[in-house]
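Structure first, then comments.
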Amino acid sequence: MDGKVTYVHRRLWPALVRLAHRFRPDALAKVWSEHTPSGAHARRRIAYPEWVPAEVFGQAERISQEDAERQLAAVLDERPRR
């Protein structure tokens, strides 16, 4: 959110996918840091929707937009309106 890494619990992934159209695609990338063999940190990234498991897409299709909004209400209320 707002250019910062925000962790989303897996149980909320279907709601996030259902409402993905409300977010910039780069804001939905999976990002993490790992140690390289030299000991340095390397940032890794997988673009949305490549990281989303097929079953999550199926779950997202089965929930309503309203239910997804309820599940993510705390996040959506804090975002600036577009």
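Quickly run through segment 39-72 and pick out the residues that are touching a Phe, Trp or Tyr at 6+ places or on another chain (Cβ under 9 Å) and either closer than 11 Å to VAL17 by Cβ or in contact (Cβ under 8 Å) with a residue 40 or more places away in the chain (or both). Those that are touching a Phe, Trp or Tyr at 6+ places or on another chain (Cβ under 9 Å) and either closer than 11 Å to VAL17 by Cβ or in contact (Cβ under 8 Å) with a residue 40 or more places away in the chain (or both): TYR48, PRO49, VAL52, PRO53, VAL56, GLN59, ALA60. Cβ separations smaller than 8 Å between residues 6+ apart or across chains give the following pairs from segment 15-26 residues that are touching a residue at least 12 places away in the same chain (Cβ under 8 Å) and over 15 Å from PRO53 (Cβ atoms) to residues that are assigned to a helix (DSSP H, G or I) and of a type in the set (S, T, N, Q): LEU19/GLN65. Does PRO49 count as assigned to a loop (DSSP other than H, G, I, E, B) and at pLDDT below 95? So PRO49 fails the test. Taken over segment 1-57, the criterion of being surrounded by 11 or more Cβ atoms within 10 Å (Cβ to Cβ), over 21 Å from LEU76 (Cβ atoms) and small (Gly, Ala, Ser) is satisfied by ALA47 alone. Quick check on segment 28-46: of everything there that is within 12 Å of the chain's Cα centre (by Cα) and of a type in the set (A, V, I, L, M), which residue is modelled with the highest pLDDT? Selected residue: ILE46.
Only one entry in ALA68, ALA60, ALA74 is assigned to a helix (DSSP H, G or I), exposed (fewer than 10 other Cβ atoms within 10 Å of the Cβ) and over 12 Å from the mean Cα position of the chain (by Cα), namely ALA74.
Taking the conditions (1) among the aliphatic types (A, V, I, L, M); (2) in contact with a strand residue (DSSP E or B) (Cβ under 9 Å, 6 or more places away or on another chain); (3) in a helix (DSSP H, G or I) in turn, ALA42 satisfies each one other than (3).
Does segment 17-30 contain any residue that is part of a loop (DSSP other than H, G, I, E, B) and of a type in the set (Lys, Arg)? Yes; the residues of segment 17-30 include at least one that is part of a loop (DSSP other than H, G, I, E, B) and of a type in the set (Lys, Arg).
The values are calculated or read from the model by the stated rules, or taken from the named source; none is laboratory data. Since the structure is predicted, the reported quantities are computational estimates derived from the model, not experimental observations. FYI the Cβ positions are ideal-geometry reconstructions off the backbone, even for glycines, and counts take in every protein chain you see.
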